[in-house]
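Accompanying notes for the structure given below.
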């Protein structure tokens, strides 16, 4: 039961990053303009896409789960602070809280590990 729950949790928390990374590819020009308007160099967009897709897939597959979860937790905090923290804008503050909630979820993933249904366990990685 525990390993099934860990797998379900990984699927659910990874989905937003996989979908978000993919949508940045399909809407590349618009996303480049948006991040530039936030003061983020457009040249960073490929790295953001790689991180969201790669990190999301790593969590989904349970590969390097604990370190990737900690890095994604950090990414969520940075994104929340730099992109979504606008107290006068309720929608942005909802996104801010969503990011902080995901941070909590990733901390749980980092502590609990990926469980039995993971590449970490299959490859006998030390943090499995």
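On inspection, residue 72 qualifies as part of a helix (DSSP H, G or I), closer than 22 Å to residue 101 by Cβ and within 10 Å of the chain's Cα centre (by Cα). The listed residues are 102, 97, 93, and the only one of them that is farther than 21 Å from residue 18 by Cβ and surrounded by 13 or more Cβ atoms within 10 Å (Cβ to Cβ) turns out to be 93.
Residues in the range 26-40 that are surrounded by 14 or more Cβ atoms within 10 Å (Cβ to Cβ) and assigned to a helix (DSSP H, G or I): 28, 31, 32, 34, 35, 36.
Of all residue pairs spaced 6 or more apart or on separate chains, none has beta-carbon atoms under 7 Å together with a first member in the range 79-106 that is free of Cβ contacts under 8 Å to residues at least 12 places away in the same chain and a second member that is surrounded by fewer than 12 Cβ atoms within 10 Å (Cβ to Cβ) and part of a helix (DSSP H, G or I).
Taking the range 75-95 as the range and being farther than 22 Å from residue 50 by Cα, in contact with a helix residue (DSSP H, G or I) (Cβ under 8 Å, 6 or more places away or on another chain) and in a helix (DSSP H, G or I) as the test, the residues that pass are 92, 93.
Looking at 72, 47, which is the one that is closer than 27 Å to residue 117 by Cα, out of contact with any strand residue (DSSP E or B) (no Cβ under 9 Å at 6 or more places or on another chain) and modelled with pLDDT of 95 or more? Checking each option against the conditions leaves just 72. Can you find a residue in the range 107-119 that is surrounded by fewer than 18 Cβ atoms within 10 Å (Cβ to Cβ), at positive phi and touching a helix residue (DSSP H, G or I) at 6+ places or on another chain (Cβ under 9 Å)? No - not one qualifying residue is present in the range 107-119.
The values are calculated or read from the model by the stated rules, or taken from the named source; none is laboratory data. Quick caveat, the model's predicted, so the values are computed rather than measured. Reconstructed Cβ throughout: ideal geometry from the backbone, glycine too, with neighbour counts over all protein chains shown.
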